[in-house]
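Here is the structure we will look at, set down as structure tokens.
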Amino acid sequence: VNCEQKQAIATIHLPIHHRLVHSLIRERSNATMMSKNVSFSAVMAVLLSAPAAAFMPSSRPSHSAVRKSSLSMSAALIVQNKGGGHGELGFQLARTLQSNSKITSITILQDEACNDEKEPFKSYSGDIPDVKIIKANLSDESMTAESLQSILGDSSYEYVWDNASKKPEGAGKAICDCAKSWNTKVFTYVSSAGMYQPNGVFPMPETTPIKESAGQNLFDNYAVELGLPLVSFRPQYIYGPKSNKNDYIDWFFDRLCRGLPFPIPGDGTQKVSLTNSEDVASLLASVLDNEEAAVEQRIFNCGTDKLYSYNEVAYLCAEAAGMSKDEVAIEHYDADLFGKATFPFRMTDFYVSPDTAKEKIGWAGPSHDLKDDLKWYYEGYQARGGAEKDIAIEKDYEIVFASKSSFTIGSIYDKYLNIDIDVSNVKSLKLDLKK
């Protein structure tokens, strides 16, 4: 059959089963002693005289149907907050999803309260130009599914990642309601491990008691009641190259660069999970690797398994800044007396593990390590003017000064604090413990 004859066959508007055609050609070929040329008129005659059942669609999907299914449009919606600890996640998640074959289009529904002159928002146009950005007032308590849909137009989304909602009200409820109407395949929510109430088991498993009244828990409950295919991740302390909240690690460099001691509660052996935002994005996207298992498990801890103690973080920061361990001054203090003060982490152990995600959905684990990342982080700290900025160290002074067993005139804090303390009349306090 030559090209013109193939085109002629194609004009017959009948659901011809391709295997019948192959069979007819094969039989005709055998009848002509395996000739390479098959009579076009003979093929047409057989086709037109075949019983109608031969032209009925097969109950088995053809290869073309399977290809069409695998290449079907799968739109992703990322709901992104205005900034803070989770501020970089939408950007990194969009970058991760761009290389995923399941996702054909990505939209970020961005809280309009973000600062476009700061990271990661100022990098949207340059680093993720193919991602559609739609801005909305996500703090609008009056937002409904109808008003949200009008903002998004006629679009619907097979996959949703909500990195903005704090409770099932206003925009948070509207997002859930829209996802329900879209028949979303997986609804991924970025919750928080901050609602855990530790019971002494570390790393804290997903079954750790939580604060039931926490807004994130109420959001989880509403999504489940609505029948959404919910997957909820509980991240902890996050850092990243385009973060707009750097409080956690900056706390250490703020003191290190000024020659000040680190007031650390307890003995400093408490462990912390500091996770690179790119690893968090990788974990959030891993739901696509096993959607059924992800929805069945529902709750996942989100963090690295490369843990460090508070003391180790201090020493690693010194190493990144080119300082020796001997130059690090740590003042361990009694947390019962001074509380958390300005310390960026909990006073006790408070860390999770990604073991469940590895086991249930096959997450490969983190590709970053705080020890290695601190070098570029310190360079960024300097570029941001971290060593010159004003910092609040009054509480540091109180802790370090009061933790000493004797008074010393003159202090390393003098150049940063305008404090004049008269200790000329200070006398030793004698206690009679027998009374």
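Structural remarks
- Number of Lys-Lys pairs in the stretch 247-377 with C-alpha atoms under 27 Å apart and a separation of 8 or more places or on different chains: 18.
- For the stretch 157-171, Karplus couplings with θ = phi - 60° (6.51, -1.76, 1.60), whole Hz, Gly/Pro x: 9, 6, 10, 10, 10, 9, 10, 9, 5, 10, 6, x, 9, x, 4
- Sites GLU296 and ILE134 - FRET efficiency at Förster radius 41 Å, r taken between beta-carbons, to 0.05: 0.85
- Local charge for PHE252 was computed over the other residues whose Cβ lies under 12 Å away, with Lys and Arg +1 and Asp and Glu -1, and equals -3.
- Shown is the FRET efficiency for SER142 and THR348, computed with R0 = 35 Å from the Cβ-Cβ distance and rounded to the nearest 0.05: 0.30.
- Rough spin-label spacing in nm, given labels placed 7 Å along Cα→Cβ, for SER155 and ASP390: 4.2 nm
- Inter-probe distance in nm under a simple model that places probes 7 Å from Cα toward Cβ, at MET323 and LYS375: 2.0 nm
- Close Lys pairs in the stretch 98-234, defined as Cα atoms under 17 Å apart and 8 or more places apart or on different chains, number 7.
- With R₀ fixed at 35 Å, the C-beta to C-beta distance from LEU226 to LYS118 puts the FRET efficiency at about 0.55.
- Euclidean distance of C-alpha centroids, the stretch 110-177 and the stretch 184-256, integer Å: 19 Å
- In order through the stretch 101-118: 3J(HN,Hα) via Karplus (6.51 cos²θ - 1.76 cosθ + 1.60), integer Hz, x for Gly, Pro: 5, 6, 9, 9, 8, 10, 10, 9, 8, 9, 4, 5, 7, 5, 9, 5, 8, 10
- Using θ = phi - 60° in the Karplus curve 6.51 cos²θ - 1.76 cosθ + 1.60, the 3J(HN,Hα) couplings for the stretch 365-372 round to x, x, 9, 10, 9, 3, 4, 6 Hz; x is entered for Gly and Pro.
- Near ASP162, the amide H atoms lying under 5 Å from its own belong to VAL79, THR188, TYR189, VAL190; only residues 5 or more places off or on other chains count, and H is placed 1.01 Å from N.
No lab work stands behind these numbers, since they all come straight from the coordinates. Treat the numbers as computed from the prediction; the structure is a model and nothing was measured. Because the Cβ atoms are built from the backbone with ideal geometry, glycine has one as well, and the counts that use them run over all protein chains shown.
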